[in-house]
1. For region 124-137, does any single residue satisfy the condition of being touching a residue at least 12 places away in the same chain (Cβ under 8 Å), loosely packed, with under 15 Cβ neighbours inside 10 Å and within 30 Å of residue 344 (Cα to Cα)?
2. Could you list, in sequence order, the residues of region 81-94 that are in contact with a helix residue (DSSP H, G or I) (Cβ under 9 Å, 6 or more places away or on another chain) and either on the phi > 0 side of the Ramachandran plot or crowded, with 22+ Cβ neighbours inside 10 Å (or both)?
3. Considering only region 175-207, how many residues are touching a strand residue (DSSP E or B) at 6+ places or on another chain (Cβ under 8 Å) and more than 30 Å from residue 292 (Cα to Cα)?
4. Can you tell me which condition residue 462 does not meet? The list is (1) over 24 Å from the mean Cα position of the chain (by Cα); (2) closer than 23 Å to residue 60 by Cβ; (3) assigned to a loop (DSSP other than H, G, I, E, B); (4) in contact (Cβ under 8 Å) with a residue 60 or more places away in the chain, and all the others hold.
5. If you go through region 46-61 one residue at a time, do you hit one that is touching a residue at least 40 places away in the same chain (Cβ under 8 Å), outside the structural domain of residue 289 (by TED's automatic domain parsing) and part of a helix (DSSP H, G or I)?
6. Could you please let me know if residue 149 is part of a strand (DSSP E or B), in contact with a strand residue (DSSP E or B) (Cβ under 8 Å, 6 or more places away or on another chain), under 25 Å from residue 288 (Cβ atoms) and modelled with pLDDT of 95 or more?
7. So is residue 313 surrounded by fewer than 20 Cβ atoms within 10 Å (Cβ to Cβ) and modelled with pLDDT of 95 or more or not?
């Protein structure tokens, strides 16, 4: 039995891990690679394995960097089941459909340019039909439910506390009498978040594969986070302009709306018109209502008393026409729109209309991957390119890091500390600097075997040795 690491190896996106046990092959995650153009171009390369030979896929959660190549897997010949929590399945119905639409649109735009240059057309990475076909393969597994999915492969999902339906995956594997327990953290949640429960703890494993996104730093406290948001709104109100908040449609948007509702008077939000300008986020919010039983105890109690995300001045803009009408508002609007890293979606249009204004405020409340427009702005870019036009950045850029849905360095350390120190740990889903910092932290804490595999590295689960690194 062995593992091959084919994604999120010394990078944050594109999670994909291939297991082979007793002649059966299955994936944990099949995510889209996101970031700079050259990074995203890797999505169109053939998989480093034959999808037709796979027997199953296990999905940790619905974010596109973990699920976004499932339609491509379907397009490439995969015909097996996809196991995930039912809430993840419901979110993927929204997200994968949207991803297929975006892939079709990108191919259409590219082919218009290629036609003018008399170049041959390109094919979409995958289509909405491919996404729909992949969605038909989903099979639900509830938290704490042990399920045998293949001979010698049993799966248990526990709540990772990251977004709705996010799971820690426990694999109990057996081959020729040899047994191994592999625990994959998925994306671990930030303790104390406004919506989600804290990540479940696990204490038994032969191997731990864990994320390391924030392995080199800690988040601001929740108290400081609320104070920073309040300060942004106060500053913005003194010299009226618009506040733009790029936000992931799933997870971050719902946390923002809930925080706005809880602190409506404290932040004097009645001074503003609040726009949720994302059809996907609107649909995802409905899924959060449907699965409100998965939210933390305090939120569940409030759910019994009424709505979770309702604001008296909230406007839901589903259509493109409604979205464009926001362009006529030059002050007094808070606009929450995707994508969270500004590399697509309606937020780019709002940036074009506002970021050259000195009275505009752009508030980043999530991770910005290397190579994205959001990362450029956070790093202090004074000019950006949007649809071939160079635009000066005069807006005030704010980073409110406490909203992160990922565990920080202390949170990651607490989670892995429940395992005996002789259990090997493999770090994935993090930039190299963050991984190295976390590796050093674990080593200082007495954990001897901490690995950082490169793409394509092979790990034998019998010997726990890696090759190809």
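1. yes
2. If the condition is that a residue be in contact with a helix residue (DSSP H, G or I) (Cβ under 9 Å, 6 or more places away or on another chain) and either on the phi > 0 side of the Ramachandran plot or crowded, with 22+ Cβ neighbours inside 10 Å (or both), then 82, 84, 85, 87, 88, 90, 91, 92 are the ones that fit.
3. Residues that pass the stated criteria total 7.
4. In the conditions (1) over 24 Å from the mean Cα position of the chain (by Cα); (2) closer than 23 Å to residue 60 by Cβ; (3) assigned to a loop (DSSP other than H, G, I, E, B); (4) in contact (Cβ under 8 Å) with a residue 60 or more places away in the chain, residue 462 misses (2) alone.
5. Taking every residue of region 46-61 in turn, none turns out to be touching a residue at least 40 places away in the same chain (Cβ under 8 Å), outside the structural domain of residue 289 (by TED's automatic domain parsing) and part of a helix (DSSP H, G or I).
6. No: the conditions fail for residue 149.
7. yes
Let's see how each residue does on (1) within 15 Å of residue 205 (Cα to Cα); (2) more than 25 Å from the chain's Cα centre (by Cα):
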site	(1), (2)
425	yes, no
432	no, no
436	no, no
468	no, yes
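The values are calculated or read from the model by the stated rules, or taken from the named source; none is laboratory data. Keep in mind the model is a prediction, meaning the values are calculated, not measured. With ideal geometry, Cβ positions are generated from the backbone for all residues, glycine too; neighbour counts draw on all protein chains shown.
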